[in-house]
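A.B. asks: Here's a structure for you.
The values are calculated or read from the model by the stated rules, or taken from the named source; none is laboratory data. Please read these numbers as outputs of a predicted model, since none were measured by experiment. For neighbour counting, all protein chains shown are included, and Cβ atoms are generated from backbone atoms with ideal geometry for every residue, glycine included.
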């Protein structure tokens, strides 16, 4: 008999809703993946990689050409110099990077602060490593952090704080004041480290992305994780990376090498070439802004209330004027009866807080979004 380390974990809501969408032929706006083609140049680099037989193991930290390309990108974005040999590790997606960072530093009894609604991999990873997740709630409906509450919760056992900016599922983003608050917290607590999930860095519609890399104070105490899947529209490649100071990276790689050893070499080759042939990421946000505006304009006649969306390719819809059902039941009814699949936001809370809000993904073809909006307007 196996004694489960995660006895409360079952099939994710993403799998449940996608299966329900397939069963009922619904427009699937639940899972966060694009349904449009990738750049032809990127495709050509994959073919080139295969022609050059780039199909064996990559170096454990990632291909050097890719790590150097990432350094150049960070320099262009933030004016920050990163060491390609000692501060970057290419991973099998950002989720693997998050799992690896937590596993590298969390020991039994260590407390980890995270903010609900939270991306669903954080809590289980903390628990698997015998850490103690401390769930704090973002302030609804703006979904900002209550820093006074954070300061009250930090103690000598608090080892890590996990941040997500831009935020999935809420679409909220950080201000300079948020970054300053985190700096102050880290300076006052020498044992405290940061895991900053910045996979939607290029999809921010308001102001400038406030990466922890902008702060010298925070760079010295942070693991920062990224995803090529989100910015290149290739989520199925599961390719990401982690930036961390040399001593953090050394511990990170100890776990990484025995978890996956290396990420896909063929895709690393293609991504390195793509990064070195232009600043593609500058086009990502304007493209998603158009999709966001298209969808939100198309549902203006509906009974849904769209909450503020400042980042990511998700937006939240308040359905409290439509139904008193729980968000899980409403999401299922929406899929079965009305033909649109979405994600109930309560699943991102430890205590299943229900604000009568669902999350939809607008990383879809315009025709898909218009069809979905038409169905929602009929409710």
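A.B. asks: Which condition from (1) closer than 30 Å to residue 343 by Cα; (2) out of contact with any helix residue (DSSP H, G or I) (no Cβ under 7 Å at 6 or more places or on another chain); (3) in the same structural domain as residue 145 (by TED's automatic domain parsing) is the one that residue 72 breaks?
C.D. replies: Against the list (1) closer than 30 Å to residue 343 by Cα; (2) out of contact with any helix residue (DSSP H, G or I) (no Cβ under 7 Å at 6 or more places or on another chain); (3) in the same structural domain as residue 145 (by TED's automatic domain parsing), residue 72 comes up short only on (1).
A.B. asks: Same structure again: Tell me which residues, restricted to region 69-90, are in contact (Cβ under 8 Å) with a residue 60 or more places away in the chain and touching a strand residue (DSSP E or B) at 6+ places or on another chain (Cβ under 8 Å).
C.D. replies: 70, 74, 82, 87, 88, 89, 90
A.B. asks: Would a scan of region 308-323 turn up a residue that is assigned to a strand (DSSP E or B), closer than 30 Å to residue 210 by Cα, without any contact (Cβ under 8 Å) to a residue 24 or more places away in the chain and not assigned by TED's automatic domain parsing to the domain that holds residue 77?
C.D. replies: No; the residues of region 308-323 include none that is assigned to a strand (DSSP E or B), closer than 30 Å to residue 210 by Cα, without any contact (Cβ under 8 Å) to a residue 24 or more places away in the chain and not assigned by TED's automatic domain parsing to the domain that holds residue 77.
A.B. asks: A further question on this structure: Being out of contact with any strand residue (DSSP E or B) (no Cβ under 8 Å at 6 or more places or on another chain), farther than 29 Å from residue 213 by Cβ and not in a helix (DSSP H, G or I): is that true of residue 2 here?
C.D. replies: The answer is yes for residue 2.
A.B. asks: Scanning for something in contact with a strand residue (DSSP E or B) (Cβ under 8 Å, 6 or more places away or on another chain) and closer than 22 Å to residue 245 by Cβ, does region 147-158 turn up at least one residue?
C.D. replies: Yes - at least one qualifying residue is present in region 147-158.
A.B. asks: If a residue must be under 29 Å from residue 267 (Cα atoms), modelled with pLDDT under 85 and surrounded by 13 or more Cβ atoms within 10 Å (Cβ to Cβ), how many such residues does region 5-30 contain?
C.D. replies: Summing the residues that are under 29 Å from residue 267 (Cα atoms), modelled with pLDDT under 85 and surrounded by 13 or more Cβ atoms within 10 Å (Cβ to Cβ) in region 5-30 gives 3.
A.B. asks: Here is a check on your reading of the model: is residue 131 within 29 Å of residue 177 (Cβ to Cβ), touching a helix residue (DSSP H, G or I) at 6+ places or on another chain (Cβ under 9 Å) and surrounded by fewer than 17 Cβ atoms within 10 Å (Cβ to Cβ)?
C.D. replies: Working: within 29 Å of residue 177 (Cβ to Cβ): yes; touching a helix residue (DSSP H, G or I) at 6+ places or on another chain (Cβ under 9 Å): yes; surrounded by fewer than 17 Cβ atoms within 10 Å (Cβ to Cβ): no.
For residue 131, the condition - within 29 Å of residue 177 (Cβ to Cβ), touching a helix residue (DSSP H, G or I) at 6+ places or on another chain (Cβ under 9 Å) and surrounded by fewer than 17 Cβ atoms within 10 Å (Cβ to Cβ) - is not met.
A.B. asks: Another one. Return the residues of region 120-171 that are within 20 Å of the chain's Cα centre (by Cα) and free of Cβ contacts under 8 Å to residues at least 12 places away in the same chain; say none if nothing qualifies.
C.D. replies: The answer is 139, and nothing else.
A.B. asks: Could you count how many residues in region 83-107 are over 18 Å from the mean Cα position of the chain (by Cα), part of a loop (DSSP other than H, G, I, E, B) and buried (at least 21 other Cβ atoms within 10 Å of the Cβ)?
C.D. replies: Matching residues across region 83-107 total 2.
A.B. asks: On to the next question. Could you figure out which of (1) outside the structural domain of residue 344 (by TED's automatic domain parsing); (2) part of a helix (DSSP H, G or I); (3) modelled with pLDDT under 95 isn't true of residue 46?
C.D. replies: Result: residue 46 passes all but (3).
A.B. asks: Within region 49-82, which residues are buried (at least 17 other Cβ atoms within 10 Å of the Cβ) and part of a loop (DSSP other than H, G, I, E, B)?
C.D. replies: Scanning region 49-82 gives 54, 58, 61, 62, 63, 82.
A.B. asks: Would you point out the residue of region 353-365, among those that are surrounded by fewer than 22 Cβ atoms within 10 Å (Cβ to Cβ) and touching a strand residue (DSSP E or B) at 6+ places or on another chain (Cβ under 9 Å), that is farthest from residue 26 (Cα to Cα)?
C.D. replies: Only one residue fits best here, namely 353.
A.B. asks: Then there is this: So, in region 256-301, exactly how many residues are in a helix (DSSP H, G or I), more than 21 Å from the chain's Cα centre (by Cα), farther than 30 Å from residue 171 by Cα and in contact (Cβ under 8 Å) with a residue 40 or more places away in the chain?
C.D. replies: Total meeting the criteria: 5.
A.B. asks: I'm trying to understand the selection: among the residues of region 232-252, which are surrounded by fewer than 19 Cβ atoms within 10 Å (Cβ to Cβ) and in a helix (DSSP H, G or I)?
C.D. replies: Of everything in region 232-252, those that are surrounded by fewer than 19 Cβ atoms within 10 Å (Cβ to Cβ) and in a helix (DSSP H, G or I) turn out to be 235, 236, 246, 247, 250, 251.
A.B. asks: Given the criteria farther than 27 Å from residue 352 by Cα, modelled with pLDDT of 95 or more and over 21 Å from the mean Cα position of the chain (by Cα), does residue 201 qualify?
C.D. replies: So residue 201 fails the test.
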